Amino acid sequence: MKTVNHWIGGKTVEGASGNYGPVTDPATGEVTTQVALASADEVDAAVRVAKEAFLSWGQSSLAARTKVLFAYRALLDANRDAIADLIVAEHGKVHSDALGEVARGLEIVELACGITVQLKGELSTSVSSRVDVSSIRQPIGVVAGITPFNFPAMVPMWMFPLAVACGNTFILKPSEKDPSASTLLAQLASQAGLPAGVLNVVHGDKVAVDALLAHPDIAAVSFVGSTPIARHIHTTASANGKRVQALGGAKNHMLVLPDADLDAAADAAVSAAYGSAGERCMAISAVVAVGSIADTLVDKIRERAEKIKIGPGNDPTSEMGPLITAAHRDKVASYVTGAAAQGADVVLDGTGYTVEGNEKGHWIGLSLLDNVKTDSDAYRDEIFGPVLCVLRVETYEEGVALMNASPFGNGTAIFTRDGGAARRFQLEIEAGMVGVNVPIPVPVGYHSFGGWKDSLFGDLHIYGNDGIQFYTRGKVVTTRWPDPSDAPAGVDLGFPRNH
């Protein structure tokens with residue numbers, strides 16, 4: 001059986017804890033790989049390697065860093081299919097979706113290639129007599145990233161390219177459910193010329209996570225995952241004096257107004273709810289239909305959902321693959337089987353779905369629930385699977401109030417032809433990312449990704465300008481050089497004056 005080991009100091013390091021976790025092919029249900037699970041001592045060894053590497057990498061020139069990043073970008077581009085194949089084999093998403101994930105990760109590598117511009121400081125001359133003030137940003141040291149199973153390549157690339165471009169060294173702890181893509185990303189970085197110890201991958205479970213959160217030599221932690229874990233990461237790492245950005249869960253709503261193009265809205269709802277089998281924090285899981293259009297909209301969504309082809313990710317005809325584990329599949333199914341008892345109309349029931357020849361795979365079909373109540377489990381919880389809830393309201397105001405009452409505030413969308421309504425919506429809605437006739441408003445790499453409320457813990461969003469600010473710290477330097485004609489200034493106990 002294949003074993004995925006750690007990547008530390010520019011080389012493969014075999015697990016020493018004796019603990020291994022299973023990695024399953026979701027399409028077949030078979031365990032294909034085992035992954036080493038690090039002990040606290042192994043985490044400490046990786047941090048020591050990264051700390052040593054920071055001494056030189058943190059002082060390296062911007063030209064040296066960007067040379068590596070440009071080479072890395074080329075290697076990632078050349079190995080898109082290889083990375084996508086690993087994602088398909090361990091996560092289960094279809095190959096085209098996996099390629100899209102790699103492409104979105106590449107956007108951040110491209111941003112990192114332009115770090116020379118992003119790290120320019122500021123200078124004010126002659127703020128007082130022969131006094132200049134400059135502001136600069138410097139790396140913060142060893143930083144860590146803890147990433148989820150649903151985007152095993154993209155989310156790590158949302159973190160480490162910017163971190164290392166800014167001069168930090170990085171410890172990546174990917175999900176133990178699909179670890180191989182992250183290891184390949186690190187190996188390609190080494191091939192691109194990234195010095196040993198700058199990017200390290202430590203596989204593990206809660207033991208490794210807790211060790212990272214407590215380690216005194218880690219300056220900052222980035223996290224993407226569920227809200228309960230994000231809250232724990234933020235609380236624990238902050239208590240240990242670390243800078244933290246912890247992105248949590250979501251319950252993303254799409255408001256559909258009566259004037260909307262209902263065919264476009266239905267297309268968007270199906271794509272956003274069921275793409276990647278609903279296993280993404282930007283999935284639309286609640287459609288809020290305003291007024292008399294609800295029946296028509298539900299019919300259009302159902303018609304489209306019934307045509308989606310579900311199958312193994314390596315089958316080019318498949319549009320949606322299985323869920324990551326059998327346990328997660330069963331949990332997702334429970335929301336559908338219990339929906340009617342909580343007042344919903346089950347328009348489509350995807351439970352019990354299977355694929356001939358792969359009956360042991362983690363399969364579930366598409367589910368559509370109408371007339372969902374806001375106090376039901378299917379509405380309140382982040383299901384993280386292919387289940388779409390439809391809620392009905394009479395007015396725009398009622399819809400916005402319903403959406404703003406949610407404890408989550410990750411992404412949201414409105415579908416309308418009315419520019420005035422769209423403008424109101426983007427100002428009144430309480431969410432960090434807003435789409436106007438765009439169902440999944442994930443920002444491009446040079447803007448930042450992040451939500452509000454229980455979808456984000458910490459002050460700064462991920463990647464973009466916020467990401468660069470997160471991985472650096474500011475310093476202000478005030479300088480006076482004596483002029484040959486200056487007389488001694490003497491002692492002055494007053495507060496320094498600029499004029």
Quiz item: With (1) open to solvent by less than 40 Å² (accessible area, probe 1.4 Å); (2) closer than 21 Å to N150 by Cα; (3) touching a residue at least 12 places away in the same chain (Cβ under 8 Å) as the list, and A50 as the residue in question, which single condition is left unmet?
Solution: (2)
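Please return the ranges of strands (runs of 3 or more DSSP E) entirely within the stretch 196-298 where 1 or more residues are open to solvent by less than 10 Å² (accessible area, probe 1.4 Å) and either over 28 Å from F170 (Cα atoms) or of a type in the set (G, A, S) (or both). Walk me through how you get there before you give the answer.
Values: elements: 199-201, 218-224, 243-247, 252-256, 284-290.
Those strands (runs of 3 or more DSSP E) span 218-224, 243-247, 252-256, 284-290.
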Practice problem: State whether the residues of the stretch 107-115 include one that is among the small types (G, A, S), open to solvent by 40 Å² or more (accessible area, probe 1.4 Å) and in a helix (DSSP H, G or I). | Solution: no
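Can you tell me which residues in the stretch 409-448 are among the aromatic types (F, W, Y) and either at pLDDT 95 or above or touching a strand residue (DSSP E or B) at 6+ places or on another chain (Cβ under 6 Å) (or both)?
Step one: list which residues in the stretch 409-448 are among the aromatic types (F, W, Y), which gives 415, 425, 446.
Within the stretch 409-448, F415, F425 meet the criteria.
Among residues belonging to the stretch 319-349 that are open to solvent by 10 Å² or more (accessible area, probe 1.4 Å) and in a loop (DSSP other than H, G, I, E, B), point out the one that is nearest to G29 (Cα to Cα). Break it down stepwise before answering.
Residues of the stretch 319-349 that are open to solvent by 10 Å² or more (accessible area, probe 1.4 Å), as a first pass: 319, 325-331, 333-335, 337-338, 340-349.
If we keep only those that are in a loop (DSSP other than H, G, I, E, B) as well, we get 319, 325, 338, 343-344, 349.
Details: E319: 19, T325: 8, G338: 25, G343: 34, A344: 31, D349: 22 Å.
Applying the filter and picking the extreme gives T325.
For the structure I just gave you, tell me whether T116 is among the hydroxyl-bearing types (S, T, Y) and closer than 30 Å to S318 by Cβ. Before you say what the answer is, go through the steps one by one.
Working: among the hydroxyl-bearing types (S, T, Y): yes; closer than 30 Å to S318 by Cβ: no.
It is false that T116 is among the hydroxyl-bearing types (S, T, Y) and closer than 30 Å to S318 by Cβ.
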Self-check item: strands (runs of 3 or more DSSP E) contained entirely in the stretch 3-67, each with at least 1 residues that are among the aromatic types (F, W, Y)
Solution: 6-8, 20-25
Exercise. Mind listing whichever residues of the stretch 336-350 are in contact (Cβ under 8 Å) with a residue 40 or more places away in the chain and touching a Gly at 6+ places or on another chain (Cβ under 8 Å)?
Key: V336, L348
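Test V201 against the stated conditions and say whether it is aliphatic (A, V, I, L, M) and more than 30 Å from E430 (Cβ to Cβ). Explain how you work it out, then say what you get.
On the way: aliphatic (A, V, I, L, M): yes; more than 30 Å from E430 (Cβ to Cβ): yes.
Considered against the rule, which asks whether it is aliphatic (A, V, I, L, M) and more than 30 Å from E430 (Cβ to Cβ), V201 comes out as yes.
The values are calculated or read from the model by the stated rules, or taken from the named source; none is laboratory data. Only a predicted model underlies this, so the values are computations on that prediction, with no experimental measurement involved. In this analysis, Cβ positions are derived from the backbone assuming ideal geometry, glycine residues included, and neighbour counts consider all displayed protein chains. SASA here: full protein model, heavy atoms, side chains in, ligands and nucleic acids out. Shrake-Rupley method; radii C 1.70, N 1.55, O 1.52, S 1.80 Å.
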